[in-house]
Each structure stands twice: as structure tokens, then as C-alpha cells.
Amino acid sequence: MSSDPADSRPSDALAGKLKRTELQHQPSSIPGREIVQVLTEIPTGVASGWHIHPGEEVGSSSPGRWR
């Protein structure tokens, strides 16, 4: 584990605007995969733009306005 404080900084400008809370982190039954559940809070007016994630992803949203 690194003790460098830079390792805890957001990876980009968007990440610095989000609140991400890890709810659970478990090994998957598929070798080399993990299951991670997070709650991501996105402030009003913040857009993620097009992006990708490695592996499979499942999501849901709470009530609110999406564009």
C-alpha cells in the first residue's frame, strides 16, 4: 500500500465533483473478477459525458431529473 497522499486524490476533474461511497467489495465466483457496490452521488449540473468501465456493470438511480 502506498503512503503517497496523491494516491487518494480524485483521478480527474469529474471524480472530484462526485461523492463515491463503497458499500461492499467481495470476490466474484469468476476468477480474477470482483464485485463492488458503490453509491455515487452526482451534484445537480454535473455531467459525466461518454465513458466506459472495465467488465460488467449494473446500476440504478434514485428519483431526480436526468438529461
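The values are calculated or read from the model by the stated rules, or taken from the named source; none is laboratory data. Because the structure is predicted, anything quoted here is derived from the model rather than measured. Accessible surface is based on the protein model in full, side chains and every heavy atom, while ligands, DNA and RNA are left aside. Shrake-Rupley method; radii C 1.70, N 1.55, O 1.52, S 1.80 Å.
Checking R20 against (1) at pLDDT 85 or above; (2) open to solvent by less than 90 Å² (accessible area, probe 1.4 Å), only one condition comes out false. Which one?
Only one criterion in (1) at pLDDT 85 or above; (2) open to solvent by less than 90 Å² (accessible area, probe 1.4 Å) is unmet by R20, namely (2).
From the list G49, G55, G32, pick out the single residue that is open to solvent by less than 100 Å² (accessible area, probe 1.4 Å) and at pLDDT 85 or above.
Selected residue: G32, the only one of G49, G55, G32 that is open to solvent by less than 100 Å² (accessible area, probe 1.4 Å) and at pLDDT 85 or above.
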